[in-house]
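The values are calculated or read from the model by the stated rules, or taken from the named source; none is laboratory data. Here the structure is a predicted model, which means the values were calculated and not measured. Cβ sites come from the backbone with ideal geometry, for glycine too, and all protein chains shown count toward neighbours. Areas reflect the complete protein model, heavy atoms only, side chains present, ligands, DNA and RNA absent. Shrake-Rupley method; radii C 1.70, N 1.55, O 1.52, S 1.80 Å.
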Amino acid sequence: MRTSQQNHNRDRAIPVIILSGFLGTGKTTLLKQWLQWSTEENLTPAVIMNEVGEVNLDGQQLPPEVAMKEMLGGCICCSFRGDFSTKLYELVQEEQPDVIYVECTGIAEPMELVESITEVSLYSDIVLTNIVTVVDAKHLGDLLDDETAIQKANRKMMRLLEEQVRAANTILLNKSDLATAEQLDKVQQHVKQWNAHTSLVITDHAVVERELWIQSCVHAGGSLLLVEDDVQSSENTNNTHVQHGHDHLHVEHAKKDSHHHSHSHAHDFVTAWTHPLSEPVDSERFENWLSTLPSNVYRAKGIVSFTDTTKRYMFQFAYRQSEFIPIAPQGEVKDVLVVIGEHLDTGMLQRTFEAAVYKA
């Protein structure tokens, strides 16, 4: 049942927050924190989650009570653009949430979504309040340290990263604990060259101050969050009006600027291979296979069962590092492997996987 505060909030537009960033930067970690804060403030959140693969693995990490629309097997900003408008409208009508988070796939260009959100706002009470791009400071630092990589093999990736940064109102330089001080300084300078008007926040494990989330839930009509008294409410409303005005101008500027150059999608080179796992695998063999993946693989993830343990795991592989987390999936979820990269040879992946993991 809705509280009186929540009923009052229905008189205001629903804030829509876009979470952008390349593969494995920490978007889902940030989303989980913001969902927790939403619940603590008695707000009803909803999520649109986009995966370039055919299964929604990151969605398994979210609380089961959170309303979610999935967009799988493609990119939300191009092949699914029309579907995104429909999903967003359906989410508003069916769930009547207090805040909507849109987690883009890692290869999406978030500015492409602005037009869709603007279109839906003409006939549904929503407002885009923030575009947050999460950047892996260590990864970008490594790229900037290698001029050859930027000029050759990774030029398309760099263009995509630039588009994601240019679109953002807020940028998190995440995983800063893994970068050197020199890399962090170079990354900050580079990001500011791409987007001089953004708010830049340095983070570890995507941990931000609660105020950033509050400002992301704010628009010209006032804050969705509870306030202690009328004086504070008045001050909050005045402050949020100024803040929204700045963000609105930033988004409009970015939209106009994006039309000054021809726009063939920077992520057309990225593909995904999805492979169902019909039986448990040997954990050591599996980890060894991950370590041998070619350099054009950006990320691998999935749900696996191992022959040497009864637990099931969600794994993440990004930038040559692996992480395994024990899970108990909601509902019937099958084991699966998803590999994302540049111009993948899926036949080779299939052969090497079966040879390395299944054969004696």
How many percent of the accessible area of region 107-210 is carbon or sulfur, using a 1.4 Å probe?
49
Sorted list, accessible surface of protein heavy atoms, 1.4 Å probe, largest first, for Arg159, Arg320 is Arg320, Arg159
If you average 1/r over every pair of different alpha-carbon atoms in region 287-360 and take one over that average, what Kirkwood value in Å do you get?
13.2
Across bins of 5 angstrom width beginning at 0, how are the C-alpha pair distances of region 99-208 distributed, in whole percent?
2, 12, 20, 22, 19, 11, 7, 4, 2, 1
Once amide H atoms are placed 1.01 Å from N in the peptide plane, what residues at a sequence separation of 5 or more from Val281, or on another chain, have their amide H within under 5 Å of its amide H?
Ser305, Phe306, Thr307
Tell me, what % of the accessible area of region 280-360 is carbon and sulfur with a 1.4 angstrom probe?
49
Within 10 Å, count the other beta carbons around each residue, average over each peptide in 127-133, 32-38, 193-199, and list them highest first.
127-133, 32-38, 193-199
Run the numbers on region 297-341 and let me know its relative contact order in percent, using alpha-carbon pairs under 8 Å that are six or more apart.
47
So between Asp177 and Glu65, what do we pick up on full extension, going 0.36 nm a residue minus the alpha carbon distance?
37.0 nm
